[in-house]
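**Student:** Below you will find the structure I want to go over with you.
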Amino acid sequence: MIWDLHCHLSGVAGDTPHERIAALMRYADRMGVERLVFFMGYPWSHDPSPEDFRRQNDQVLEALQHWGDRAFGFAYLNPKYVDESLAELERCVGDGPMFGVKLWVAVRCNDERLDPIIRRAAELKAVVFQHTWRKAGGNLPGESSPEDLVELAARHPETTLICGHTGGDWEWGIRAVRASANIVIGTGGSDPTAGMIEMAVRELGAERVLYGSDIGGRSFASQLGKVYGAEIPVDAKRKILGENLKRLLTPILAAKGIAP
């Protein structure tokens, strides 16, 4: 069972969301990926206005129309616009078919403007995915580091938060989040370097590691290779490839009356 945490409609051929997701599903079938999580539309922006993030969420909703048995959607929000983001969270998750929240680089995630969004997401049992990175040349102005996510996690200790990309510099990122039990890591979107998954399992436990691809920025094959090639027990690979994400999504699926 492979469930992919991290998928985009950008970076793939197609004139419409329907065409793009259909192309990605053909690749997923080839690689044995059963279910996929999509967020953000195209073209994306670092600091989307409410109109822009609503437009991108509409693209994801359109893509999901014929793939509800295999594809999940997370609502893309911008915490600079708290009221508009809360309204979009209700539209897409509370009253709509989406199951989580995607936060990117408009605002560093230690900012207190995220708090009402995280609280409402938790009430809805929605999964929260926060992009993190640690660039050698310096992050974008609103780009979060794993340390920023640790601050947010400390303010919301009962809410599970996903550290997207494991901070890019994964050795640093794993150590940064290690003591925060409510943070799990997403492995997608970095090069398939040997040792990443082994370190993550050793330091965090397999239950806190989630496979994701970051397709179409990366390939399914390169990102699956991180897990397939890791020298860890088979049961740990099963957890990382799908069981952990299924466990995180089960509460909101159940709340919506959907069998996982």
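Quick note: the coordinates plus some simple rules give every number you see, no bench work behind them. Just so it is clear, the structure is predicted and the values come from calculations on it, not from any experiment. Please note: Cβ atoms are built from the backbone with ideal geometry, for glycine as well, and neighbour counts cover all protein chains shown.
**Student:** Suppose a student asked you for the relative contact order of the chain, using Cα pairs under 8 Å spaced at least 6 residues apart; what percent would you report?
**Tutor:** Relative contact order comes out at 18 percent.
**Student:** Taking θ as phi - 60°, what are the ³J(HN,Hα) couplings along segment 170-186 by the Karplus curve (6.51, -1.76, 1.60), each to the nearest whole Hz, with x for Gly and Pro?
**Tutor:** 5, 4, 5, x, 4, 5, 5, 9, 3, 7, 9, 5, 8, 10, 10, 10, x
**Student:** Between Gly173, Gly68, Gly188, where does the largest GNM mean-square fluctuation fall for the chain, given springs only between Cα atoms within less than 10 Å?
**Tutor:** Top of the fluctuation ranking is Gly68.
**Student:** In sequence order, what are the phi-derived ³J(HN,Hα) couplings for segment 149-155 according to the Karplus relation 6.51 cos²θ - 1.76 cosθ + 1.60 with θ = phi - 60°, rounded to whole Hz, with x for glycine and proline?
**Tutor:** Listing the rounded values in order: 5, 4, 4, 4, 4, 5, 7 Hz.
**Student:** Express in nm, to one decimal, how much length is gained between Ser219 and Glu84 on full extension, taking 0.36 nm for each residue of separation and deducting their alpha carbon distance.
**Tutor:** So the extension gain works out to 45.3 nm.
**Student:** May I ask you to compute the full-extension gain from Tyr228 to Glu203, defined as 0.36 nm times their residue separation minus their alpha-carbon distance, rounded to one decimal in nm?
**Tutor:** Gain on extension, Tyr228 to Glu203, equals 7.1 nm.
**Student:** Leu253 versus Glu112, label points 7 Å from Cα toward the beta carbon: distance in nm?
**Tutor:** Calculated label separation equals 3.8 nm.
**Student:** Any idea how far apart Asp235 and Tyr42 come out in nm if each label point goes 7 Å out from Cα toward Cβ?
**Tutor:** Inter-label distance under the simple model: 4.2 nm.
**Student:** I would also like to ask the following. Based on DSSP H runs of at least 4 residues, each adding -39500 (n - 2.57), what is the mean residue ellipticity at 222 nm of the chain after dividing by all its residues, to the nearest 500 deg cm²/dmol?
**Tutor:** Rounded to the nearest 500, it is -11500 deg cm²/dmol.
**Student:** What is the sum of charges, Lys and Arg at +1 and Asp and Glu at -1, for the other residues whose Cβ falls under 9 Å from the Cβ of Leu77?
**Tutor:** Result for the local shell: -1.
**Student:** Could you pull out every residue, at least 5 positions away or on a different chain, whose amide H is within less than 5 Å of the one on Val127? Hs are placed 1.01 Å off N in the peptide plane, and Pro or chain starts have none.
**Tutor:** Gly100, Val101
**Student:** Per-residue counts of other Cβ atoms within 10 Å, averaged by peptide: what ranking do you get for 13-21, 175-183, 227-235, 122-130, highest first?
**Tutor:** For the peptides 13-21, 175-183, 227-235, 122-130, the packing ranking is 122-130, 175-183, 13-21, 227-235.
**Student:** Hey, which of these cross-link pairs are over 24 Å Cα-Cα: Lys80/Lys246; Lys80/Lys125; Lys125/Lys246; Lys102/Lys239?
**Tutor:** Lys80/Lys246, as the Cα separations exceed 24 Å there.
**Student:** Another question, if that's okay. Got a sec? Which residues in segment 77-108 would a label at Ala122 touch, if it sits 7 Å along Cα→Cβ and we count backbone N under 16 Å?
**Tutor:** 101
**Student:** Between Met1 and Thr16, what is the label-point separation in nm under the 7 Å Cα-to-beta-carbon projection?
**Tutor:** Computed distance between label sites Thr16 and Met1 equals 3.3 nm.
**Student:** Non-local amide H neighbours of Leu36 (under 5 Å, H modeled in plane, Pro and chain starts lacking H): which ones?
**Tutor:** Asp4, Ala71, Phe72
**Student:** Residues with beta-carbon under 14 Å from that of Ala230, excluding Ala230: net charge, scoring Lys, Arg +1 and Asp, Glu -1?
**Tutor:** With Lys, Arg at +1 and Asp, Glu at -1, the net is +1.
**Student:** Round to the nearest 0.05 the FRET efficiency obtained for Arg178 and Glu158 when R0 = 30 Å and r is the Cβ-Cβ distance.
**Tutor:** Computed FRET efficiency for Arg178 and Glu158: 0.95.
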